[in-house]
Structures are given as structure tokens and as C-alpha cells.
1. Considering only the range 99-109, I want to know if a residue exists there that is under 24 Å from Asp155 (Cβ atoms), open to solvent by 70 Å² or more (accessible area, probe 1.4 Å) and of a type in the set (Ser, Thr, Tyr).
2. With respect to Arg116, determine if the residue is closer than 18 Å to Asn32 by Cα and either touching a Gly at 6+ places or on another chain (Cβ under 8 Å) or open to solvent by 60 Å² or more (accessible area, probe 1.4 Å) (or both).
3. Looking only at residues in the range 74-98 that are at pLDDT below 95 and hydrophobic (A, V, I, L, M, F, W, C), which one is surrounded by the most Cβ atoms within 10 Å (Cβ to Cβ)?
4. Looking only at residues that are in a helix (DSSP H, G or I) and among the polar types (S, T, N, Q) in the range 132-153, which one is least open to solvent (accessible area, probe 1.4 Å)?
5. Could you give every pair whose Cβ atoms fall below 6 Å, whose first residue belongs to the range 136-159 and is under 11 Å from Asn106 (Cβ atoms), and whose second residue is exposed (fewer than 12 other Cβ atoms within 10 Å of the Cβ) and of a type outside the set (Ser, Thr, Tyr), counting only separations of at least 6 or pairs across chains?
6. State all residues of the range 119-131 that are open to solvent by less than 20 Å² (accessible area, probe 1.4 Å) and aliphatic (A, V, I, L, M); if no residue qualifies, say none.
7. For the range 1-53, give me each residue that is modelled with pLDDT of 70 or more, under 27 Å from Leu99 (Cβ atoms) and among the aromatic types (Phe, Trp, Tyr).
Amino acid sequence: MKTFSGTPSALSETGKLNNLTYLMLNLPFACNYRCKKCFNLQNGSPLVSGQDIGLEKRLSLMDEASSLGVQVIVFAGEGEPSLDRDIKMLVKHAHSLNLISMIYSNGSTLTDDLLRFYNEHNANLIISIDSLKPQRYNSFTGTAGKLRQVLRNIDNALSVYGSPGKDGLY
């Protein structure tokens, strides 16, 4: 069975699942989609969630979380985390702390360079695909013609990430 590192089942198998395993860091809203299901949009415009805490505070929170036993940092964002100007710095810092990054994505921004960076820094990707039917996908995501690009990006991710390691984990 193939298991992704950082998931509860993978951490449980290795005896590393504990009461404080995950830290979720929201990033400021930045998204190239306008999904019907998005709870961060109101009448097509982003909701403002307050003042951004900034990069230094996020790095400090990651340090503190690591010292408390957190093993996985989740970047779900308030949109597409890969569009955040600090995402590489955050993922690099998580990696330096031996933390696993889990990045939720719509898959449209995953260039070869970004995929290699994520893979080299122990980041897992969770890609949302609302439909495999182009017309329905466009309707759900408020985009036009992105599905084919997303599917190509997923194929590229599979080649960059390769096969699971000897432990069966990606």
C-alpha cells in the first residue's frame, strides 16, 4: 500500500502520531481561481481576514511548534499557497526543522521548478480537482481551460516525486 508521509496513518505506523502533530498556517488570500465552493470569497471578492502576521511571526511559530513536538506543517492558505511570496521560505524553514510540509493546491501553479523545490524540501501536495469534465471544472473553479494544465502538472509531479521509497512512503 502506498502511503504519504505526514498523514495520520503513516505517522501511526511509525509510532510518531501524538496529541500535537499538526500546525496549520493560513497565508494571506491569493488565488488565481474563483471557486463556487470557496468560503473566502463574497460576491467574487476576497474576504479580508485581519492583519497579516508576517513572515517572521510565522517562522517563530514554526520554531515553537517544532519544539512542542509538531511534525507536520499544513499550508492550506486562504487561496492558493503556491502564490504566496513567502511559500518557499516557509517550506525551506519547515524542512530545516525536520518538519513535513503539506501544501493544499489547485494544481495550476505547479511549475517544474516549484515541484522540484517542494520535493527536495519534503513537501507533500494535496491537489483539489473538482471534476474531470472540463466544462464542469471551469464552472466550479471560475476558470477557463485550466483542467488540462492541472492534469499536466499532476503528471509532472508524479515524475518529479517518483516512486515511493523503500518504506513505502512518498
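The values are calculated or read from the model by the stated rules, or taken from the named source; none is laboratory data. Everything quoted here is computed from the prediction, not taken from an experiment. When we count neighbours, we look across all protein chains shown, and the Cβ atoms used for this are built from the backbone with ideal geometry, even at glycine. Side chains included, ligands, DNA and RNA excluded: accessible areas come from the protein's heavy atoms. Shrake-Rupley method; radii C 1.70, N 1.55, O 1.52, S 1.80 Å.
1. Yes, there is a match, as at least one residue in the range 99-109 is under 24 Å from Asp155 (Cβ atoms), open to solvent by 70 Å² or more (accessible area, probe 1.4 Å) and of a type in the set (Ser, Thr, Tyr).
2. Here the answer is no, as Arg116 does not meet what is asked.
3. Only one residue tops the list, namely Phe75.
4. Out of the qualifying residues, it is Thr141.
5. Phe140/Lys36
6. Scanning the range 119-131 gives a single hit, Ala123.
7. Tyr22, Phe29, Phe39
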